[in-house]
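Quick notes on the structure that follows.
The values are calculated or read from the model by the stated rules, or taken from the named source; none is laboratory data. Everything numeric here is computed off the predicted structure, so don't read it as measured data. Quick reminder, even Gly has a Cβ in these numbers, built from the backbone with ideal geometry, and neighbours come from all protein chains shown.
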């Protein structure tokens with residue numbers, strides 16, 4: 001006993017180091033618990049406020065460019081609106097809508113890590129919850145991972161954990177969109193079967209399989225494609241439409257039918273077991 | 001450690017964290033080079049202090065940086081490692097005479113200070129990026145990130161440490 005205590009006292013620094021290292025490794029490796037911890041991300045009050053203040057200051061320097069991009073966005077939407085063949089007020093009633101959109105601003109962006117997260121200035125007070133889709137005017141951006149009262153964390157598509165249903169535009173061939181961590185302008189589309197005719201430059205959009213994103217939100221264009229090692233599926237490099245280094249205004253999409261869809265899917269899975 | 005110097009360390013802690021997360025984490029030079037200047041805290045921290053306290057503070061500093069950069073606990077793991085290995089590094093760089101009472105960082109040569117700083121940065125970055133990438137299949141990416149980030153951190157830390165040298169008064 002005496003020897004054990006002596007050993008502990010003699011090596012107390014090493015033991016403390018090993019303990020702290022173990023704690024940090026535990027926190028790192030259990031990354032799936034990320035969204036469960038309310039405090040352990042940059043959406044908490046302290047860091048959220050600091051990023052908000054910094055963003056308030058720095059956004060003054062890009063007001064002109066931001067204005068321009070918003071005007072272009074409005075122009076595009078107006079064009080679509082006035083060219084709709086029907087404009088029945090009943091059809092446009094809010095009770096008939098499947099998706100609800102909120103507009104937010106990115107206060108912290110990141111694209112140089114393996115697991116990139118963005119922080120935005122909307123939180124659960126504004127009705128932001130986990131698993132809402134996030135897009136910009138140009139294309140898809142990510143999925144809400146966690147939200148605090150006033151801020152939310154978005155898992156970027158530039159995250160090695162990210163996995164989003166995507167398809168080739170105007171077809172029904174779908175695959176999953178992932179990121180290999182190499183280049184922030186390029187993501188990877190997997191699981192497209194070999195028989196699909198592909199061209200460099202084909203547009204990739206979100207698929208209909210997801211209850212998070214609406215169908216046909218632009219993602220990017222095919223940059224190059226190869227058959228994977230098993231020779232039966234393509235692995236495709238997709239050049240993103242979004243410039244991930246320069247993102248300010250984002251749209252958050254809430255699928256009002258999502259709860260119903262999930263409930264239905266769960267009931268089938270329960271029945272099969 | 002007098003009350004005055006505790007205050008200096010707290011201010012230094014806060015300022016280094018703020019500069020790190022607000023400026024250098026957003027730098028993204030070449031798309032992936034983000035110098036980590038908060039390592040200077042480990043460079044400047046007094047040598048005679050309690051080692052356990054130092055390891056504890058190092059862990060806390062890393063954790064705070066993690067909170068701001070959404071990196072789980074990668075910074076904490078790397079920081080606690082360099083806090084633990086610092087005495088060994090100092091013995092390697094300065095020889096046995098760093099254990100004498102009269103030893104001060106400002107009395108050592110420029111080359112020694114630079115080697116010490118570079119060693120801290122190198123170990124920190126190797127730990128950080130190996131944990132971040134965490135697969136041997138991306139070895140090339142790992143080496144690329146470590147190499148360029150070590151260079152970036154060394155340049156900026158050297159500049160900052162010569163601007164704000166604390167022991168020159």
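Structure data summary
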item	result
Exclusive hit being closer than 30 Å to residue B:25 by Cβ and either assigned by TED's automatic domain parsing to the domain that holds residue A:115 or modelled with pLDDT of 85 or more (or both), set A:83, A:56	A:56
Boolean, residue B:88 is out of contact with any strand residue (DSSP E or B) (no Cβ under 8 Å at 6 or more places or on another chain) and exposed (fewer than 15 other Cβ atoms within 10 Å of the Cβ)	yes
Breaking point among (1) modelled with pLDDT of 85 or more; (2) within 11 Å of another protein chain (Cβ to nearest Cβ); (3) in contact with a strand residue (DSSP E or B) (Cβ under 9 Å, 6 or more places away or on another chain), for residue A:12	(3)
Residue, nearest to residue A:110 (Cα to Cα), within segment B:57-100, restricted to residues that are free of Cβ contacts under 8 Å to residues at least 40 places away in the same chain and in a loop (DSSP other than H, G, I, E, B)	B:70
Set A:133, A:142: member being surrounded by 16 or more Cβ atoms within 10 Å (Cβ to Cβ), at pLDDT 90 or above and within 30 Å of residue B:136 (Cα to Cα)	A:142
Residue within segment A:113-135 that is at positive phi, touching a residue at least 24 places away in the same chain (Cβ under 8 Å) and more than 14 Å from chain B (Cβ to nearest Cβ) present	yes
Residue in segment B:111-130 that is away from chain A (no Cβ under 14 Å) and surrounded by fewer than 12 Cβ atoms within 10 Å (Cβ to Cβ) present	yes
Single residue of segment B:33-56 satisfying the filter (part of a loop (DSSP other than H, G, I, E, B) and more than 9 Å from chain A (Cβ to nearest Cβ)) that is farthest from residue B:10 (Cα to Cα)	B:35
Only one of B:54, B:13, B:32, B:24 that is over 17 Å from the mean Cα position of the chain (by Cα) and surrounded by 14 or more Cβ atoms within 10 Å (Cβ to Cβ)	B:32
Selection count where residues are surrounded by 12 or more Cβ atoms within 10 Å (Cβ to Cβ) and in a helix (DSSP H, G or I), scope segment B:133-142	4
Qualifying strands (runs of 3 or more DSSP E) (wholly inside segment A:119-196; at least 1 residues being in contact with a helix residue (DSSP H, G or I) (Cβ under 6 Å, 6 or more places away or on another chain))	A:140-147
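The rows are residues; the columns are (1) closer than 24 Å to residue A:105 by Cα; (2) in contact with a strand residue (DSSP E or B) (Cβ under 6 Å, 6 or more places away or on another chain); (3) not assigned by TED's automatic domain parsing to the domain that holds residue A:70.
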site: A:135; (1), (2), (3): yes, yes, no
site: A:139; (1), (2), (3): yes, yes, no
site: A:142; (1), (2), (3): yes, yes, no
site: A:145; (1), (2), (3): yes, yes, no
site: A:172; (1), (2), (3): no, no, yes
site: A:175; (1), (2), (3): no, yes, yes
site: A:189; (1), (2), (3): no, yes, yes
site: A:195; (1), (2), (3): no, no, yes
site: A:202; (1), (2), (3): no, yes, yes
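Yes/no per residue for (1) in contact with a helix residue (DSSP H, G or I) (Cβ under 6 Å, 6 or more places away or on another chain); (2) over 20 Å from residue A:139 (Cβ atoms); (3) within 14 Å of chain B (Cβ to nearest Cβ); (4) modelled with pLDDT of 80 or more:
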residue	(1), (2), (3), (4)
A:3	no, yes, no, yes
A:42	yes, yes, yes, no
A:51	no, yes, yes, yes
A:65	no, no, no, yes
A:88	no, yes, no, no
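Yes/no per residue for (1) more than 20 Å from residue A:118 (Cα to Cα); (2) assigned to a strand (DSSP E or B):
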site	(1), (2)
A:213	no, no
A:222	yes, yes
A:226	yes, yes
A:229	yes, no
A:266	yes, no
